[in-house]
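To start, the structure itself, in structure tokens.
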Protein chains: 2
Amino acid sequence: MSGFGSGDPFLADCPARLAVELIADKWTVVVLYGLSKGPVRHGELIELIGGISRKMLTQTLRRLEAHGLARRHAYAEAPPRVEYELTQLGATLIDPIHVLTEWAVANGDAVLDALDADPEPVAHSG
Amino acid sequence: MSGFGSGDPFLADCPARLAVELIADKWTVVVLYGLSKGPVRHGELIELIGGISRKMLTQTLRRLEAHGLARRHAYAEAPPRVEYELTQLGATLIDPIHVLTEWAVANGDAVLDALDADPEPVAHSG
DNA sequence: CCTGCCGGTTCCTATCGGAAACCTAGCCTG
DNA sequence: CAGGCTAGGTTTCCGATAGGAACCGGCAGG
């Protein structure tokens, strides 16, 4: 426990908060989930992740790369082929991401249910 | 485990994805982390969470409320007092959130390090 | 030459998000 | 009674960002 801890997620300017902000993003979580299976091609991720655009995928991957969580490997072939994979640091995120996604799978219905039951009053029709 | 699962986080239009999008948000994670300690007042959260504005806090709490993860309790007193706490559904998120924040605390430095080592080329000064 | 494939990037706009002011409501002060 | 304090919330203003559609570029095939 000695040298550990990069601050507290509550503190705005500490590495822990930076790390939270890095991964607590809707696309980032899904992309990491996609990467957690092993090396994947850009196009595969596009197919895999419903609703993501090429731009957002590239952008998200670049961010992961810049923060040391993913690595990009471009094969100098034709047609071009680019694979992404988690780095060793990124691999430490597999568990947290899976815990999160498992929660989502297990409780998505309940969330949807609650949302459905609580439709915020939109203003009366009169 | 039989009837479980509200889809796959990869699918754009399933409850699992909705759930991911609900919590995979920078403020949401930190607010949930704050709520995980038990009932908290709005003002306490403001003090606790560095950098959050009242607007974002209220907005985030409202979203959690609407999705059944948090509950708001306003005491009809003076001065006004409002407490927020996790619902039973929200409490199931404590573990995932803690796993995430613990990862952030443990690896924040490494992330910062990688970011520092990879300063994206900004265009040469010439 | 034209076409298609793959990955990436540019353009443009709707939305997000922060700062700060304003609002409500009850109590205390004078 | 007028004014100010506290605590939570909302509004306004405006810059930053998200995100889709469309375009770019190299190479193989016809």
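The values are calculated or read from the model by the stated rules, or taken from the named source; none is laboratory data. Just so it is clear, the model here is predicted, and its values are computed rather than measured. A quick note on method: Cβ atoms are made from the backbone with ideal geometry, for glycine too, and the neighbour counts reach across all protein chains shown. These accessible areas exclude ligands, DNA and RNA; they are computed on the full protein's heavy atoms, side chains included. Shrake-Rupley method; radii C 1.70, N 1.55, O 1.52, S 1.80 Å.
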Highest mean first, what order results for A:82-92, A:107-117 on Cβ atoms within 10 Å?
A:107-117, A:82-92
Of the DSSP H helices in chain B, those whose Cα atoms cover at least 30 Å axially and whose Kyte score averages 0.5 or more
B:94-117
Based on the alpha-carbon set only, what is the convex hull volume of chain B divided per residue, in Å³?
185
Here the correct list, in nm and shortest first, of distances from A:Arg72 to the same site in the other copies, label points 7 Å along Cα→Cβ, is 4.3
If you count, for every residue in B:63-69, the Cβ atoms of partner chains within 10 Å of its Cβ, what is the mean?
5
Across A:43-50, the residue-averaged tally of Cβ atoms belonging to other chains within 10 Å stands at 2
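Please work out how much length the chain gains when fully extended from B:Arg72 to B:Ile46, using 0.36 nm per residue of separation minus the C-alpha to C-alpha distance, in nm with one decimal.
Working: separation 26, 0.36 × 26 = 9.36 nm, distance 1.56 nm.
Full extension of this stretch gives 7.8 nm more.
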Evaluate E = 1/(1 + (r/R0)^6) for A:Lys37 and B:Asp13, where r is the Cβ-Cβ distance and R0 equals 25 Å; express this FRET efficiency to the nearest 0.05.
0.70
Positive end of the charge dipole of the protein assembly as shown (Lys, Arg +1 and Asp, Glu -1 on Cβ, about the Cα centre): tell me which of B:Pro9, A:Val111, B:Leu115 has its Cα farthest that way.
B:Leu115
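Give me the 1.4 Å probe accessible area per residue for chain A, excluding ligands and nucleic acids, in Å².
With all protein chains present, chain A gives 54 Å² per residue.
Using only the alpha carbons of the protein assembly as shown, what is the convex hull's orientation-averaged projected area in square nanometres? Numbers along the way, then the final one.
Details: hull surface 79.5 nm².
Average of the hull's projected areas for the protein assembly as shown equals 19.9 nm².
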Interface B/A, total buried accessible area with a 1.4 Å probe, nearest 100 Å²?
4600
Per residue of A:22-29, what is the mean number of Cβ atoms on other protein chains within 10 angstrom of that residue's Cβ?
6
Can you list the lysines whose alpha carbon is less than 18 Å from that of B:Lys55, not counting same-chain residues fewer than 8 positions off?
B:Lys26
Say a label goes 7 Å from Cα toward Cβ at B:Leu89 in every copy; what distances in nm does this one have to the rest, shortest first?
3.6
